[in-house]
Structure formats: C-alpha cells, structure tokens
1. Criterion first (farther than 16 Å from M469 by Cα, modelled with pLDDT under 90 and either surrounded by 19 or more Cβ atoms within 10 Å (Cβ to Cβ) or of a type in the set (V, I, T) (or both)) does V84 satisfy it?
2. Name the residue, out of K312, K353, that is in contact (Cβ under 8 Å) with a residue 40 or more places away in the chain and of a type outside the set (F, W, Y).
3. Say whether the condition of being in a helix (DSSP H, G or I) and within 24 Å of the chain's Cα centre (by Cα) is met by at least one residue in segment 185-192.
4. Which condition number in (1) out of contact with any His (no Cβ under 6 Å at 6 or more places or on another chain); (2) surrounded by fewer than 19 Cβ atoms within 10 Å (Cβ to Cβ) is the one that N405 fails?
5. What number of residues within segment 410-434 satisfy the criterion of being in contact (Cβ under 8 Å) with a residue 60 or more places away in the chain and either in contact with a Lys or Arg (Cβ under 7 Å, 6 or more places away or on another chain) or closer than 22 Å to F292 by Cα (or both)?
6. Filter segment 386-400 for residues that are outside any helix (DSSP H, G or I) and modelled with pLDDT of 95 or more; which is surrounded by the fewest Cβ atoms within 10 Å (Cβ to Cβ)?
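The values are calculated or read from the model by the stated rules, or taken from the named source; none is laboratory data. Remember, it's a predicted structure, so these values are computed and weren't measured experimentally. Cβ sites come from the backbone with ideal geometry, for glycine too, and all protein chains shown count toward neighbours.
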Amino acid sequence: MTTCTIEDCSILVRELPPDRMSFSIGAAGVRRRPRAVWVVRLALRGPHGKRTWGAAADRPSFGWLDKRSSYGPEEKLARLQQLVLAARDICLAQAHFTDPYEFTEQCGHLIHARGQALQHEPLSSSFAAALFERAIIDAVCRLQNVSLHTALRQHQLGFEPSRLHPELAGINTARLFPAQPRTQFHIRHTVGLSDPLVAADLNSDNRSNDGEPVTLEDYIRRDGLRFFKVKISGNPDADLNRLTRLWNLLALIPDPVITLDGNESYTDLAAFSDFVQLFAARLQGLFQHTAFIEQPLPRTLTFNPDTAAVVKQIARQKPLLIDEADQEPHSFRQALQLGYAGVSHKNCKGLFKSLANYCLIKHLQNTKQQPVFQSGEDLSNMPLVALHQDFAALGCTDITHCERNGHHYTCGLSHLSTTEKQQTRQHHPDLYTERADELFLNIRNGQINCKSLQTPGLGLAFAPDWNAMTPISDWEATW
C-alpha cells in the first residue's frame, strides 16, 4: 500500500435501553452495566487524496475486563474511558502508515505500555487497542474496495502472523484462510445463572412483557436452537444441580452441543477438578455432549506452571479453552504449553491477534494433527457495528458456531435510529427479520445467514447514523 493518513478519530456513544433480562455470570453475580455502546469514527485519507471512513464499536464491559475488587464500577468505567481516549491520541499521534498490520501492532505496544503505567489489566489495554485496530482495518478495506476475507487472501493488510508465531515463517498464511468466506453460523445461546429455563421459573422480576421469549424452553421452540453456552458459578453443588435441570430440557433436543463457561469462577484448582469428576460421573449424557470448558480458572492462576499437571489431567477428559486469560499477543502459546487446547475469538481482544491464532491453529492441525481449536464468543456484540464486524471476522475462520445473546440487553434493533433500520432492511434482508414492527436477528433452525456482510470494509454495508449518537465527552453513564 501507499501511505495512508488518519485525519480524524472520534469516539461516540450509542445509548441502549435498560437490559430486558437480568443476567449473571460466574461467582460474582449480577454486575452494573452501562447502557451504551462506544463507537469509533475514523476518517482516513489514502492515495491521490481519496478519503473514506472506518468504524468499530463495543460495549464498555469494564466488569469483565477488570475483575479486581480494588476499583468500584464507576471508577472502572471512568478508568476504561480514560484509557480508550489515550489510545485514540496514540493512534492520532502516529497518523501516517503504509502497513496496517505493522501500524496497529506498534500502536498496540504503546497502548499496552500506557495501560501498564496506569495500572490497568492487560485485557483492558487489548480492548482499547482493538477498537482502533478494527476501525483502521475497516477503513483500509473500504479504501481498497474489498472485504476482510478478500484483503486477507490477497495480502492487502500487511498481515504477517509469523511476527507472533515464528513457526509460521515462510508459510503462505493467506492460503490458510478458506477459499470462500463462511456466511452461515449456528447460534450458541448463552444461558446465564439467573436465566429462567422453563415457565415455572418465571416471576414478576424476570418477565420482560415485550412479546419475545424469556425462558430457554421458549427460545429453543421459537429459534430451533441446538447449541448452548452455559455459565457455571464456581460452586460445584450449585453448578451440578442447575446442569441437571438443564439436561432435563436439552436431552429432548436431537444432538445438542453444550459449552461451559466458568468466567474465572473456580478460584481453587482442586475444586474445579472435583467438579469435572462429579460432572462426568453424575451427568454422563450432558458430559458427552459438552464440547469444551471455557476459562474455569482466574487469569492470575491460568499461567501458573504449578497448575500444568492437573490441567493436563482434566484436559484428557474435556478440552479447556482460555478467554479472559487471553490478554496479550502470546497468551495462547503459553496456554498450549500448560495443557489448554483452545482460545476464544473476540474482536474486542484484537482481530489481528485472533487471526494469527487461527493461522497457528491451522498449522498445528495440518502438520502435527494437534487437537487445538478456536471458538466464537462475546455476549456483548450488539448490532450493528460490533455484531457485523464479528460475523465478518468469523467468516475468515473454521468456526461454525458462535455465542450471540444480544437479547439479554435489547429488544432487537430498538436502539437504532429509524434511518439505520431502513438501511438494514435494504442491505441485510438475510440477517434480520421483522416482528411486531421491530427488527431481530433472523435465526432459523438455530442458524444465521449473513452473506450480505461480505461487502467492502469490515462487514459494514453503510455508515452508522453518527448524528444519533453522543460525543463521549458529553456522555454521562446510565445504568
């Protein structure tokens, strides 16, 4: 590429309605959540003065990024906002680049250094860097009139995963990506600790009264679900009791697939090992249908070499995957040495890092038949920007099912402007359907079709309605 220049970069806030369902994860229970999505708007100038825009977005999930008790919710949110603003300034200070991958890598190093100086978790720094990385990728792809998949296959982003994984040196990694992008995915429905499973679980506190399903049983019936992500709490007895109730429902479904998510809730390795043994003994049917267990241990314990023997023993029964512990570029490589087999894909942790991990996985599968894998996660992917960009990224991988539960937070696309809804109907008739004058993800037989996202840029067929958002400097968090 010839030189590109970032001419402007702003952060806007899209307000969300109150959560339509209460939701709790892991041992921490219900957390306070800001009713908003942060949206990056980037202005990029390319060769011959050609100008374009790029975007990225995420919910500021401060409670997931930083679980330390030394900061309260309001302080965590304020600190995260400060870090994201600092990341923007770092990108603007660099401004000129010819290689998008090298540029975002350099900015990422500076953002992590700033985060460390401000005593942030590395995961928070990855979140901040990833926002601007995606906006740059989106703009560069749009400038070249190609989709992400095409840009990767044609080496148009400077992507060189051997910078992270040396064993990929000399390999044409572009050919590791599928010849055609994946455009159909099974939806893995997240089941939180407080989610009602059947009608008997409903009460005045958990009825949404918006015409959409609330119980898992109703979602299964309406959407034809077969894939499920189940939260566990770190309490073996409570977890096994709830899993027993869940299996009574899921056993009625042909060939269900379940994953468990610990969200760092098992703070004691021995307790987690006991849980796995009891799970295998008491719920053999559910255990056989469980694909993997995600992030059971705290990130601070995950890379402790003293855990390796027990982790490898557990992994012989059920594969283990890191998520919150995937904080830095080489986290997955470290986890592999300790007995973990998988790593989550989340755009909010870094798209290039995730794609590099994908290339490493393909290489290990092809050359060593090593049973390593990548999963599609992220409860917080909200339409349009974050959701579309994540589907576009997944289209470049072998991932066939992904977590998609925006129904916890909004009623369809009710948070979008009228203009955006009109454009969504026009550009994405495969991805959305209309019910009761509102647009919703079009889940049929448990699957999503999203061929319409294969468009120039990173899954965004049209610009967000910038005027419907608030500059972050003028925003006061709502809860």
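1. Taking the combined requirement at face value, the residue does not satisfy it.
2. Result: K353 is the single residue among K312, K353 that is in contact (Cβ under 8 Å) with a residue 40 or more places away in the chain and of a type outside the set (F, W, Y).
3. Checking segment 185-192: not a single residue is in a helix (DSSP H, G or I) and within 24 Å of the chain's Cα centre (by Cα).
4. Evaluating N405 over (1) out of contact with any His (no Cβ under 6 Å at 6 or more places or on another chain); (2) surrounded by fewer than 19 Cβ atoms within 10 Å (Cβ to Cβ) leaves (2) as the failure.
5. Matching residues across segment 410-434 total 3.
6. Within segment 386-400, the first condition is being outside any helix (DSSP H, G or I), and the residues that meet it are 395-400.
Filter again for modelled with pLDDT of 95 or more, leaving 395-397, 399-400.
Details: G395: 24, C396: 24, T397: 24, I399: 20, T400: 15.
This residue is T400.
Each row is one residue, and each column tells you yes or no for (1) hydroxyl-bearing (S, T, Y); (2) in the same structural domain as F132 (by TED's automatic domain parsing); (3) farther than 18 Å from F292 by Cα.
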position	(1), (2), (3)
E324	no, no, no
R333	no, no, yes
L336	no, no, no
Y340	yes, no, no
L355	no, no, yes
Y358	yes, no, no
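This table checks each residue for (1) at pLDDT 95 or above; (2) outside the structural domain of E294 (by TED's automatic domain parsing); (3) over 27 Å from L441 (Cβ atoms); (4) in contact with a helix residue (DSSP H, G or I) (Cβ under 6 Å, 6 or more places away or on another chain).
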site: G211; (1), (2), (3), (4): no, no, no, no
site: Y219; (1), (2), (3), (4): yes, no, no, no
site: R222; (1), (2), (3), (4): yes, no, no, no
site: D239; (1), (2), (3), (4): yes, no, yes, no
site: L250; (1), (2), (3), (4): yes, no, no, no
